[in-house]
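Structure record follows, encoded as structure tokens.
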Amino acid sequence: MTWQASVVTLFPEMFPGPLGQSLAGKGLRKGRWAIDAFDIRGFATDRHRTVDDTPFGGGAGMVMRPDVVDAALAAAIAAGPERPALYLTPRGRVLDQAMVRDFVAGPGLILLCGRYEGVDQRVVEARGLLEVSIGDYVLSGGEPAALVLLDACVRLLPGVMGAAESGVEESHADGLLEYPHYTRPADWQGRAVPPVLLSGHHAEVAKWRRAEAERITRERRPDLWARHAGRDRAPSAPCV
Ligand code: SAM
């Protein structure tokens, strides 16, 4: 079955954007996944096509109106199978590989992209939207976040990544960062490739790679290392 992404946005022309290229683009053309974009402005009801208004309580910026956003969401919901609906926001749960795997296991996603100060919170509550962030920084809109999230998802769909690019050993697949990679020439600017990689001894290579993955994770991401070490005791909560 085709994995169906529906994006609710003020900038539908941003999709599929970069996801029309490379592996994701090939997957799209092969029908492994599909994407449609719903233009929020098309659901405005006044002649100026207003989608936002000033915030109650005062303050800077504008807020996206719940009635207009909800009408656009309703159209996206009606356009495909029942799927989790997400609101991309810096206040959401920070995306990780376990969440991506959960999303990929389902029939697809509906992604609401905010602009300005964001959307009226009542539509988030009324539609039970899962609030997801792509990291602890603020973008000017949800569209780049939607592209990041979709890229992480579609590359894991069956038939999108070839066997050669398989994600089995990559960073975050098993809670560790990946070991470093090397290719020809074996000596470059006086820098030699770790000798074990030239040994042809598969078990030793695997052992070295595992040790490097553990070392790098321990040094760079003590948070991931602690979670990896205690993984069996505290499994992460499912997100959908
Ligand atoms: N006023 C909001 C706040 O302080 O939390 C920021 C609004 S931001 C300028 C506009 C839109 O960009 C948000 O509604 C959201 O859709 C998107 N956005 C910004 N940063 C994001 C992030 N880290 N992850 C996901 N979406 C983000």
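Structure values in brief
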{"quantity": "5 angstrom amide H check on VAL7, placed H, neighbours 5+ away", "calculated": "ASP36, ALA37, PHE38, LEU111"}
{"quantity": "Square roots of five times the Cα gyration tensor eigenvalues for region 186-231, Å", "calculated": "27, 15, 4"}
{"quantity": "³J(HN,Hα) computed for each position of region 121-135 - Karplus, 6.51 cos²θ - 1.76 cosθ + 1.60, integer Hz, glycine/proline x", "calculated": "4, 5, 6, 5, 6, 4, 8, x, 6, 7, 8, 10, 10, 9, x"}
{"quantity": "Nearest-20 debye value, region 87-186 charge dipole, Cβ charges on Lys, Arg, Asp, Glu", "calculated": "200 debye"}
{"quantity": "Computed over the chain: relative contact order in percent, which uses C-alpha pairs under 8 Å that are six or more apart", "calculated": "20 percent"}
{"quantity": "Of the DSSP H helices in the chain, those whose Cα atoms cover at least 24 Å axially and whose Kyte score averages -0.5 or more", "calculated": "none"}
{"quantity": "Furthest towards positive pole of dipole, TYR116, LEU130, GLY159, structure part the chain, Cβ charges", "calculated": "GLY159"}
{"quantity": "Positive minus negative residues near VAL193 (Lys, Arg vs Asp, Glu; Cβ under 11 Å)", "calculated": "+1"}
{"quantity": "Helical mean residue ellipticity (222 nm; -39500 (n - 2.57) per DSSP H run of 4+; nearest 500) of the chain", "calculated": "-9500 deg cm²/dmol"}
{"quantity": "Order of TYR137, TYR182 under a 10 Å beta carbon neighbour criterion, fewest first", "calculated": "TYR137, TYR182"}
{"quantity": "Overall dimensions of region 43-148 by Cα: Rg and Dmax, Å", "calculated": "14.2, 44"}
{"quantity": "Overall Cα dimensions of region 87-141, principal axis frame, Å, largest first", "calculated": "31, 26, 14"}
{"quantity": "Rotationally averaged projected area of the chain (alpha carbon convex hull; nm²)", "calculated": "17.4 nm²"}
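Only the coordinates and a few stated rules stand behind these numbers; no lab work does. This one's a predicted model, so the numbers in the text were calculated from it and none came from an experiment. Cβ sites come from the backbone with ideal geometry, for glycine too, and all protein chains shown count toward neighbours.
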